[in-house]
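Down below is the structure, laid out as structure tokens.
Nothing in this text is a laboratory measurement; each read-out follows from the coordinates by a stated rule. Note that the structure is a prediction, hence the values are computed from the model and not measured. Heads up, the Cβs are rebuilt from the backbone with ideal geometry, glycines too, and the neighbour counts pull from every protein chain shown.
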Amino acid sequence: MPGWARAYVRTVEAVNYRVGRFAMYLLFVIMGILLWSSITKIGRVPALWTLEMAQFTLVAYYLLGAPYSLQLGTNVRMDLLYARFNPRTQAIWDAVTVFFLIFYIGVMLYGAFGSTVYSFETGERNPTAWRPYLWPIKVIITAAFFLMLLQAIALLIRDIAVIRGEEI
């Protein structure tokens, strides 16, 4: 494989590794938010922001962890026939199917980017009592789809390397 392809895969996977490891700790943030919610309800002064903040944090946890999950190969896969293939055949199958993933993520990224721009332009807020601005979570969603797209391309490069009998 060319040097630029190896560098691309290493760089993307290093970024997604760090972002994914950071995202793992967002679970503790969610737990803290929900614990605070419980404490304030016991004190009969419920915080209005806790449910939405927990939901936003869960979205960040889930979407920022997705490229890391894809990188580790822990994503859900139908192994009825796939597990019986040799590594080269698996790589060929993965190289074909990753184009569907790239298309899907491209469409999602396009929609997320448009929604984020709209949110910035209009000062979009959630129609609840707390009324938080929506652009911060939309930026995170857009960044997560972008990282997922980069990771899918890195997987394609890895699959091509395996098909050619090389390792990255």
Normalising by the residue count of region 1-63, find the relative contact order in percent from Cα pairs under 8 Å and 6+ residues apart.
37 percent
Taking the beta-carbon count within 10 Å as an exposure proxy, list LEU58, LEU70, LEU80 from fewest neighbours to most.
LEU80, LEU58, LEU70
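Tell me the relative contact order for the chain as a rounded percent, counting alpha carbon contacts under 8 Å between residues six or more apart.
Details: 157 pairs, mean separation 55.4, N = 168.
For the chain, the relative contact order is 33 percent.
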Per the charge dipole of region 3-163 (beta-carbon charges, Lys/Arg positive, Asp/Glu negative, Cα centre), the residue among LEU26, ILE153, ILE42 reaching farthest to the positive end is ILE42
Over the chain, with a Gaussian network built from C-alpha contacts below 10 Å, which listed residue (ALA66, ALA83, ALA14) shows the highest mean-square fluctuation?
ALA83
Grab the beta carbon distance between ALA47 and GLU121, set R0 = 22 Å, and tell me the FRET efficiency rounded to 0.05.
0.15
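Counting other beta carbons within 10 Å of each residue's own, what order do MET108, MET78 fall into, fewest first? Walk me through the numbers on the way to the answer.
Working: MET108 16, MET78 7.
Ascending Cβ contact count within 10 Å gives the list MET78, MET108.
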Relative to the longest principal axis of the chain, what angle (0 to 90°, nearest 10) does the C-alpha long axis of helix 87-122 take?
30 degrees
ASP79, ASP159 arranged by Cβ crowding within 10 Å, fewest neighbours leading:
ASP79, ASP159
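Applying 1/(1 + (r/R0)^6) with R0 = 25 Å to the Cβ-Cβ distance of ARG88 and TYR17, what FRET efficiency is obtained, to the nearest 0.05?
Values: r = 26 Å, r/R0 = 1.04.
For R0 = 25 Å, the calculated efficiency reads 0.45.
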I'd like the distance separating the alpha-carbon centroids of region 109-140 and region 42-93, in whole Å.
22 Å
Take the Cβ-Cβ distance between TYR25 and LEU80 as r, set R0 to 30 Å, and report the resulting FRET efficiency rounded to the nearest 0.05.
0.25
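Taking the Cα centre as origin and putting +1 on Lys and Arg beta-carbons and -1 on Asp and Glu beta-carbons, what dipole magnitude results for the chain, to the nearest 20 debye? Walk me through the intermediate numbers first.
On the way: 14 positive and 9 negative charges, 62 e Å.
Computed about the Cα centre, the dipole is about 300 debye.
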